[in-house]
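Asks: I have a structure I would like to understand better, so I am pasting it below and will then ask my questions one at a time.
The values are calculated or read from the model by the stated rules, or taken from the named source; none is laboratory data. Worth saying up front: this structure is predicted, and the values here are computed from it rather than measured. Cβ placement follows ideal geometry from the backbone for every residue including glycine, while neighbour counts extend to all protein chains displayed.
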Amino acid sequence: MTENVILVVTLAIGVGIASVLIATMVRAIGKERRASGLDRLWQSFGLSIAFLVLFLISWIGQAFAEWGVFVQEQQLHGQRPHIGDFLVTFGQSTFENWQSEFLQLFSFVVFSAILIHRGSAESKDGTDRIEESVKRIERRLDDAGIGGSSPSPPREPVEPSRSG
């Protein structure tokens, strides 16, 4: 009974995490495409898609490689390999890899496209603050009679005088 619980929890966490990340990325891409009218999927979202493909390929490759090692170890101990035992072992090594590699990187790519940290360089609020500061400066210049709504004509460059 305990092995079944471990198997179910391992599968639920592993598949759940991967599903949430993939679904979040797909939803974000769909939302951005609708909002911006983007037609070119790869040119607009290539980084996220490339990391997703690398993630899935490496996860499948890890499963094949680990299955071979698992079968050899079971045969050395005179046991038959069972898929449930393998999935628990595979889940353990997957979570170890995800903690140090893919989960951190993939999560950052996906969630940085969705979430913000107010005041960070990636956050739109930094741009909003700059734009508001520029508007405040423009109002002060206008109030002082220095600014104007129409741009000034370009000035001719002044050549430095040479004294000798």
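Asks: Can you run down the residue pairs with Cβ atoms below 6 Å, 6 or more apart or on separate chains, where the first is in region 12-25 and within 17 Å of S112 (Cα to Cα) and the partner is surrounded by 11 or more Cβ atoms within 10 Å (Cβ to Cβ)?
Replies: The qualifying pairs are L21/F106; L21/V110; T24/V110; M25/S48; M25/V110.
Asks: Also, quick follow-up: Please find, within region 31-89, the residue that is farthest from L11 (Cα to Cα) out of those that are of a type in the set (D, E) and more than 32 Å from the chain's Cα centre (by Cα).
Replies: Filtering first and then ranking leaves E73.
Asks: Can you name the residue in region 11-56 that is modelled with pLDDT under 85 and among the hydroxyl-bearing types (S, T, Y) and, of all such residues, is nearest to F86 (Cα to Cα)?
Replies: Across region 11-56, the extreme among qualifying residues is S44.
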